[in-house]
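The values are calculated or read from the model by the stated rules, or taken from the named source; none is laboratory data. Keep in mind that this is a model prediction, so the values were computed, not measured. Here the Cβ is made from the backbone with ideal geometry for all residues, glycine too, and neighbour counts use every protein chain on show.
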Amino acid sequence: MVNMLKELEDWLSQERTIQELKAKAKELGLTVKKQMGKNDVRKLIERYIERVKAVQPDNVTTSRPSSATSATGPAQPTITKVKEDISVPDTYNKDKLVAMPVNPHWIHMYWDLGHANKEFLKSHEVKRVVLRVYDVTFIEFDGTNAHRTFEITIDVNSLKNYYMNVPMPGAHYLVELGYYDANGNYKYILRSNLCRVPVNSPSQSTRERWMDLRKRRRIVMPSGGMLTPVVERISGSVQGLEHLFRISSAGSISFIQLSGKGM
């Protein structure tokens, strides 16, 4: 077992391609994701070596010698592969509040709290914990000048996310996680990112949006023409010829003689 780990470490210390690293990781039973880079796969194998060393006394057993092995030498130990724990923890103990658009009328909020704020919200100073949503469309928000304010009481001990219905499509929303103290004063602890929900109607933009796959960049340019084509007029129609009539100062309409078809 020790020799195999030593060989693996020596193999890893040499310059390896990402294909070789991924193949070795899969051979060890590790989960390799497509978006992983070369350094990520290398670190994955290094963590595997550290875990095997930590549990080596429990996972190394010597197989019983047989007649075939006794003649050639001692039996090789069997290796139990250690699978990486990929379960999601209940909390990361970090202060964070995120707001995400779901559709034109709903937003989703999720949050996490550090140890200090968790203990503070359990104290007697906090009477009620709330999620407060501000409509801050096209304004520089200073905490008091929102178009609308929505609020919902929550239990941070049992909830970690919340869906809220919002009335205005295409608006910008900002979320705060705060509390009311014994005097009824509101104070916020966390503030989210700016969240813009989509509109519920076709876009009015006439710009063309392209993606350059080679350079991996977006290209936005004015439209090459009108979105609504000009309707062809029938010969003899006076539609669109209003500029050929003029109104005199006396209020009477005079007619300009035209040549050509239709007049």
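Summary table
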item	result
Residue ID - farthest from V102 (Cα to Cα), chosen from residues in region 204-219 that are of a type outside the set (D, E, K, R) and over 23 Å from the mean Cα position of the chain (by Cα)	T206
Filter pass, T137 being of a type outside the set (D, E, K, R) and either surrounded by 14 or more Cβ atoms within 10 Å (Cβ to Cβ) or outside the structural domain of H172 (by TED's automatic domain parsing) (or both)	yes
Conditions (1) of a type in the set (A, V, I, L, M); (2) over 24 Å from the mean Cα position of the chain (by Cα); (3) at pLDDT below 85; (4) under 30 Å from I154 (Cβ atoms): number failed by I86	(2)
Condition met for D135 (charged (D, E, K, R) and within 18 Å of V102 (Cα to Cα))	yes
Residues within region 165-183 that are over 26 Å from E125 (Cβ atoms) and not polar (S, T, N, Q), tallied	8
Count of region 117-134 residues which are hydroxyl-bearing (S, T, Y) and either surrounded by 14 or more Cβ atoms within 10 Å (Cβ to Cβ) or over 16 Å from K187 (Cβ atoms) (or both)	1
Region 151-177 residues that are at pLDDT below 95, paired with ones that are among the acidic types (D, E) (beta carbon under 7 Å, 6 or more apart)	M168/D135
Among (1) under 22 Å from G114 (Cα atoms); (2) crowded, with 18+ Cβ neighbours inside 10 Å; (3) touching a Ser or Thr at 6+ places or on another chain (Cβ under 9 Å); (4) of a type outside the set (G, A, S), the one test that K160 misses	(2)
